[in-house]
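Following: one structure in structure tokens, then a few remarks.
The values are calculated or read from the model by the stated rules, or taken from the named source; none is laboratory data. All of these numbers come straight from a predicted model, not from anything done at the bench. Because the Cβ atoms are built from the backbone with ideal geometry, glycine has one as well, and the counts that use them run over all protein chains shown.
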Amino acid sequence: MPPVGWVKVAVSLPVHGLYTYAVPHHVGVLPEGAEVEVPFGTRKVTGWVVEVLDTSDVEDARSVLARTRDEVAFTPGQLALYRFVADYWLAPLGEVIGTATPSGSTARTRRVYVPTDAGIAALAGEGAAVPDGPLASMLREVIARPGATRTGLSRRLREEVDDPARALTALVSRGWVEGRDEQVQGPRDTERWAVRAPATEDTAALAGLRGHATAARAILAKLADGAVRVDELDAGALATLLRRGAVCVEERPRTDGVHVGEARTEAPPLNAAQSAVIEAVHGAGTWLLHGVTGAGKTEVYLALAARTLAAGRQVLVLVPEIALTPQLLGRFAGRFGDRVAVLHSQLTGAERLRAWRAIARGDADVVVGARSAVFAPFGALGLVVVDEEHDDSYKQEDGVRYHARDLAVVRAHQAGCPAVLGSATPSLESWENARSGRYQLLQLRDRATPRPVPRLSILDMRQERVADPSGGKPREPLLAGAVHDAIADALDAGGKAILLYNRRGYATFVECPGCGAAHECPSCGIALVYHQAARRLHCHTCGYHRPFDPRCAVCGGTFEVLGRGTERVAEGVAAAFPGVAIGRMDADTTAERGAHARILDDFRDGRTRLLVGTQVVAKGHDFPDVHVAAVLGVDHVLGMPDFRAAERTFALVTQLIGRAGRGAAAGRVFLQTRHPDHPVFSCVNDMEAFAAHEGQLRRALGQPPYTRLVLVRLEGVDRAATHAAAVALAEDARARAVAGIDVLGPSPAPMPRAVGRWRYQVFLRGRHVGTFRAWLRQLVPSWRPVPGVRRIVDVDPRMMM
Ligand code: ADP
Ligand code: ZN
């Protein structure tokens, strides 16, 4: 039988280009957006129909094997967005679609892999060492991504290992890795609720019950106030009550993961500056809203959202990370109640799909979400807000390396609606876009509820010394004298303090003073960081960790712990202020779901009065009675080998300052540094001054935002082969370069080895965006894969390490 037609398919593989397939009769007519299974080489892969053809454009087209889902995965409007992403971020269309659409998987469990202690010891060469090659590569990958699936691990190793799945099986059989089954919910759209059956008596329902009596009584008491989800009730007692007809079960639409609440709070009357902003934002375009913390930006977002909803349209609000912005979320929920849907990163595939459908149906019309929410299927988008637009977490650092803020601007443009980008410290890219007229700059210069401007003191730590108790040379203290005194005053006055130290763990380095032995990561070759609570050494690059034995295995001496992280800083602060409760907030203490909110609640309610942490303490919250905010350590951010080091330091310090001095008390703000004369510190809190100074430097050095950058990184276990691939790639690019384009490198990455792979990088730089883009479109898809070497193309890179 002849085929019913032909289609062009984007396959979920890292291959540029689309492939034509015939559609056999038994599959039936396929529309654009259909998800299919197709043969590719010797494999079967998932793909999506992106074009329906009248006739085949190739001879001998292979046939689609099956359609794997009834509903279409995307609409033509969404496809246009995916095509933009593929073109701009130089990613294969199939990978973009795979990233952007929630999976329709109906599996209830999935098998994930984690390393065993024996595996970790084996990688370090203890006992039965792991042989170099596929097994070592796979073991490193499992350690770096504990909890990944076989498919995920295989995808990451496909350039490097011939048969990744076999390597994984071999590791499991040797006891170096173990598989676990993890529950994932099926994509049911309903859930079961128990309700009290009408006209039944408690006494009759409970009569003669023995074993379940207490539990049954508790269920009836709960149901007296209304319906309760079945999974919250005792199953045995519920079954009995059902049998006796006292209780019924109803299927209701699921709400978890979609809606957040029903409370309503009133909008305050806007002040003149806020009203001017609302007036200005109309029609299509992009507005950069610059205002210090507390200037009333969130109130502006809420008012714009209310206006949009009143016009019957939907609102997208992007935030850097849901867990870090509980206050913003609470205010949206408070204002718009159950019209708000939250898309957070912990949703399962099924939950995400459910939220997706609610958005497509128009049941949810304010969507607050992190990065990937930019792909949500709005039918009537009327406003896009990007809060903290400068935040690096908008950039996806894996797979399709898109930037959610930049894509949000494109989405708003496609929808013909406003995009509002807000920040107290806008990125220099957005600032330049505003200066050049592509965006319109709006400023809120004063705080919405006036409060005294905090005073900033810059403390030169080279001048601060305290005696060493063990008789050595005087040392640099953790807290400068002035900081210590200010915290003491704040505590005496019933106030609180926030202290930032931007590195986690206890000690950054452990070394044996006797023989000089140190602990390095076997995968990355860098010093392991000591974590005291866990008594383990951790690699902050690849996640490798091992128990810490304070005795040196070589000479029997006792290891010295050097340098500090938040864990040690908190200990030092506790010693300086005995009896004062301290909270610590960093990636280690916030790993558990809900931990972040708990730490902030404790601090807000006064159960802790000092809050020590990494940059997370500078984000997304605003508390009364914070009398002091101090940056204890930021010099290592400033010293990063990245042209944005000064910009990040500026943003971090300026954001932290915004946290001090709420209410009547004038806040005090301190900055401890060994570089007190660095120009970035003289600009703190003054965006215009910083942008002028930094802009001049960037322009002189040909750096973004005055040029466009693409980072190509080559990674491989074989150092020589990886280097050779980098040289060949740079030569090819250089030979084809035209005026206005520079090819820089190759050079070893600042982090020359990670997760067992050597890393080399080549920068492509263009002065004129049009020429540069056209050149890249020719160049990048022409590169062939190099066996054993992974190639990463990062457009507008944010991480240079
Ligand atoms: P930002 O988002 O810029 O940090 P917010 O919108 O959170 O600022 O405003 C800071 C504080 O001022 C909040 O407590 C907010 O409720 C309050 N606020 C903002 N605008 C007004 C206004 N027009 N009238 C009264 N209070 C306001
Ligand atoms: Zn490592």
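When the criteria are applied in full, Ala517 meets the requirement of being surrounded by fewer than 22 Cβ atoms within 10 Å (Cβ to Cβ) and more than 14 Å from ligand 2 (Cβ to nearest atom). Restricting region 450-461 to residues that are of a type outside the set (Lys, Arg) and part of a loop (DSSP other than H, G, I, E, B), the residue that is surrounded by the most Cβ atoms within 10 Å (Cβ to Cβ) is Pro454. No other residue among Ala553, Ala587, Ala581 is surrounded by fewer than 16 Cβ atoms within 10 Å (Cβ to Cβ), within 22 Å of Tyr501 (Cα to Cα), without any contact (Cβ under 8 Å) to a residue 40 or more places away in the chain and hydrophobic (A, V, I, L, M, F, W, C) apart from Ala581. Does region 277-286 hold any residues that are within 15 Å of ligand 1 (Cβ to nearest atom) and surrounded by fewer than 20 Cβ atoms within 10 Å (Cβ to Cβ), and which are they? The answer is Ile278, Glu279. Scanning region 335-353 for residues that are farther than 17 Å from Thr99 by Cα and either buried (at least 22 other Cβ atoms within 10 Å of the Cβ) or at pLDDT 85 or above (or both) yields Arg335, Phe336, Val340, Ala341, Val342.
Within region 511-535, residues that are in contact (Cβ under 8 Å) with a residue 60 or more places away in the chain and away from ligand 1 (no atom under 16 Å from the Cβ) sit with their Cβ atoms under 6 Å from residues that are among the charged types (D, E, K, R) and assigned to a strand (DSSP E or B), at 6+ positions apart or across chains, in these pairs: Cys524/Arg753; Gly525/Arg753.
Evaluated against (1) under 26 Å from Glu279 (Cβ atoms); (2) touching a His at 6+ places or on another chain (Cβ under 8 Å); (3) part of a helix (DSSP H, G or I), Ala490 falls short on exactly one condition, (1).
Pairs are defined by a Cβ separation below 6 Å, a sequence spacing of at least 6 or placement on different chains, a first member in region 288-309 that is in contact (Cβ under 8 Å) with a residue 60 or more places away in the chain, and a second member that is part of a helix (DSSP H, G or I) and within 6 Å of ligand 1 (Cβ to nearest atom); the pairs so defined are Leu289/Lys297; Gly291/Lys297; Gly296/Gln274; Val300/Gln274. One residue alone among Arg140, Arg145 is in contact (Cβ under 8 Å) with a residue 24 or more places away in the chain, under 30 Å from Val554 (Cα atoms) and crowded, with 16+ Cβ neighbours inside 10 Å, and that residue is Arg140.
Matching residues to (1) in contact with a Cys (Cβ under 8 Å, 6 or more places away or on another chain); (2) of a type in the set (Ser, Thr, Tyr); (3) more than 21 Å from Val410 (Cα to Cα); (4) more than 16 Å from ligand 2 (Cβ to nearest atom):
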residue: Gln274; (1), (2), (3), (4): no, no, yes, yes
residue: His290; (1), (2), (3), (4): no, no, no, yes
residue: Thr293; (1), (2), (3), (4): no, yes, yes, yes
residue: Glu299; (1), (2), (3), (4): no, no, yes, yes
residue: Arg331; (1), (2), (3), (4): no, no, yes, yes
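Okay, residues lined up against (1) at pLDDT below 95; (2) more than 26 Å from the chain's Cα centre (by Cα):
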| position | (1), (2) |
| --- | --- |
| Cys683 | yes, yes |
| Gly702 | yes, yes |
| Val727 | no, yes |
| Glu731 | no, yes |
| Arg734 | no, yes |
| Phe763 | no, no |
| Gly766 | no, yes |
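Among the residues making up region 532-550, those that are surrounded by 15 or more Cβ atoms within 10 Å (Cβ to Cβ) and away from ligand 2 (no atom under 14 Å from the Cβ) are Gln532, Ala534, Phe548.
Each row is one residue, and each column tells you yes or no for (1) surrounded by 18 or more Cβ atoms within 10 Å (Cβ to Cβ); (2) on the phi < 0 side of the Ramachandran plot; (3) in contact with a helix residue (DSSP H, G or I) (Cβ under 6 Å, 6 or more places away or on another chain).
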{"site": "Val409", "(1), (2), (3)": "yes, yes, no"}
{"site": "Ser427", "(1), (2), (3)": "yes, yes, no"}
{"site": "Trp431", "(1), (2), (3)": "yes, yes, yes"}
{"site": "Gln440", "(1), (2), (3)": "no, yes, no"}
{"site": "Ala448", "(1), (2), (3)": "yes, yes, no"}
{"site": "Gln463", "(1), (2), (3)": "no, yes, no"}
{"site": "Val466", "(1), (2), (3)": "no, yes, no"}
{"site": "Pro477", "(1), (2), (3)": "no, yes, no"}
{"site": "Ala490", "(1), (2), (3)": "yes, yes, no"}
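Look at Glu432 and say whether it is part of a loop (DSSP other than H, G, I, E, B) and touching a Pro at 6+ places or on another chain (Cβ under 6 Å). The answer is no for Glu432. Condition (residue is modelled with pLDDT of 95 or more, closer than 30 Å to Leu709 by Cβ and of a type in the set (Gly, Ala, Ser)) applied to region 387-403: is it met by at least one residue? Within region 387-403, none of the residues are modelled with pLDDT of 95 or more, closer than 30 Å to Leu709 by Cβ and of a type in the set (Gly, Ala, Ser).
Within region 6-35, the residues that satisfy the criterion of being within 25 Å of Ser154 (Cβ to Cβ) and either under 31 Å from the mean Cα position of the chain (by Cα) or without any contact (Cβ under 8 Å) to a residue 40 or more places away in the chain (or both) are Val9, Ala10, Val11, Ser12, Leu13, Pro14, Val15, His16, Gly17, Leu18, Tyr19, Glu35. The one condition from (1) of a type outside the set (A, V, I, L, M); (2) farther than 24 Å from Arg156 by Cα; (3) assigned to a loop (DSSP other than H, G, I, E, B); (4) touching a strand residue (DSSP E or B) at 6+ places or on another chain (Cβ under 9 Å) that Thr771 does not meet is (3).
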